[in-house]
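Okay, so here's the structure we're looking at.
Just so it is clear, none of the values below were taken in a lab; they were calculated from the coordinates. This one's a predicted model, so the numbers in the text were calculated from it and none came from an experiment. Note that we place each Cβ from the backbone using ideal geometry, even for glycine, and neighbour counts take in every protein chain shown.
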Amino acid sequence: MSIMYSDCLSDLLCEEDSGGILSGDPPSPDSSSDLESPAFVEESIAELIEDEKDFVPGFDYLARFRSQLLDASAREESVAWILKVHAYYGFQPLTAYLAVNYLDRFLYSRSLPQTDGWPMQLLSVACLSLAAKMEEPLVPSLLDLQVEGAKFVFEPRTIRRMELLVLTVLNWRLRSVTPFSFIGFFACKIDPLGSCVGYLISRSTDIILSDIQEASFLEYRPSCTAAAAVLCAASEIPSLMSLVNPEHAESWCDGLIKEKIVGCYRLMQSLVLIKNNSRRNKPPKVLPQFRVTTRARIMSLRYSDDSSSSSSSSASSPYNKRRKLNNSLWVDDDKGSSEQ
């Protein structure tokens with residue numbers, strides 16, 4: 001006896017709901033308005049805050065770095081590489097964050113043969129590959145993913161085995177709760193009129209990614225990190241500066257903790273200040289090609305002046321000791337070879 005597809009589908013639907021879904025009738029206005037109501041949105045955000053603890057390393061993860069059971073510098077180097085590849089391919093911000101999240105959750109649950117070197121690099125490649133497969137429409141091949149100064153290059157089959165190990169350790173839970181789950185909601189809280197929400201989201205995203213290398217932020221949950229980042233972004237907008245008060249951010253939603261938000265906000269502010277000072281004090285870059293070209297032109301001019309003088313003074317000039325480089329630039333040749 002054959003079984004019709006429609007019969008199977010109807011068995012999967014509740015009796016009272018099947019008619020409305022399959023009959024083509026539009027959903028009632030009341031149901032759609034309930035989904036968009038502030039109360040429903042706040043309840044959803046509160047549920048995410050409740051669930052986020054399942055997608056972060058344990059509470060003692062940061063203590064392991066501080067006690068040097070885990071190598072903080074190795075983690076920082078791995079995260080830096082992930083961010084470089086993220087920028088190289090133009091991945092979404094969520095891809096980079098997920099890759100670091102997978103790496104941290106793995107390191108909390110499973111130890112590597114050594115804290116740095118090729119095992120850490122292999123883990124970084126596997127985590128970034130998994131994150132890219134989760135979020136990116138186009139994913140580079142496993143060989144092409146190993147760019148931007150990767151110290152070791154692994155065969156695709158080796159990376160796939162590592163991916164399987166990561167999936168097993170994470171219990172295949174890759175759809176994590178991240179700060180990006182909250183920043184839109186928090187941006188609307190600090191800017192109810194919505195005039196600067198777009199900037200707040202963009203700037204908050206930049207702050208989160210720029211601070212992800214710092215192990216100290218592992219102390220804070222994603223919702224706390226998002227709230228602090230939005231506050232930092234708002235502090236850069238004159239019209240919102242009067243509204244920036246991390247102690248009041250606790251009222252944005254149930255589940256937020258004032259002390260954690262204040263601590264995370266102060267840490268972010270200090271790092272932003274350090275980075276701004278570093279940029280101001282950093283001398284302007286001069287391209288090496290410009291320096292060589294300028295020097296070559298000066299030498300060429302001096303050589304042309306010297307050639308018009310007497311042959312004896314010309315022969316003793318140090319600028320005769322040159323050789324041509326790439327048909328355009330000139331460099332010194334202390335070995336005394338003649339001009340080519």
What does a probe at Phe152 reach in segment 95-139, counting residues whose amide N is under 13 Å from the point 7 Å along Cα→Cβ? 112-126
Have a look at Met241, Ala187, Val272 and report the one farthest towards the positive end of the charge dipole of segment 179-281, computed about the Cα centre with Cβ charges (Lys/Arg +1, Asp/Glu -1). Val272
Got the relative contact order for segment 82-164 handy, in percent, Cα pairs under 8 Å and 6 or more residues apart? 34 percent
Packing rank of 198-204, 135-141, where each peptide gets the mean count of other beta carbons within 10 Å, highest leading: 198-204, 135-141
Dipole of segment 83-221, Cα-centred, from +1 at each Lys and Arg C-beta and -1 at each Asp and Glu C-beta, to the nearest 20 debye? 440 debye
Would you pull out the residues with amide H under 5 Å of Cys196's amide H, same chain only if 5 or more places away, H placed 1.01 Å from N? none
Given Lys53/Lys275; Lys84/Lys133; Lys53/Lys260; Lys53/Lys84, which pairs have Cα atoms separated by over 26 Å? Lys53/Lys275; Lys53/Lys84
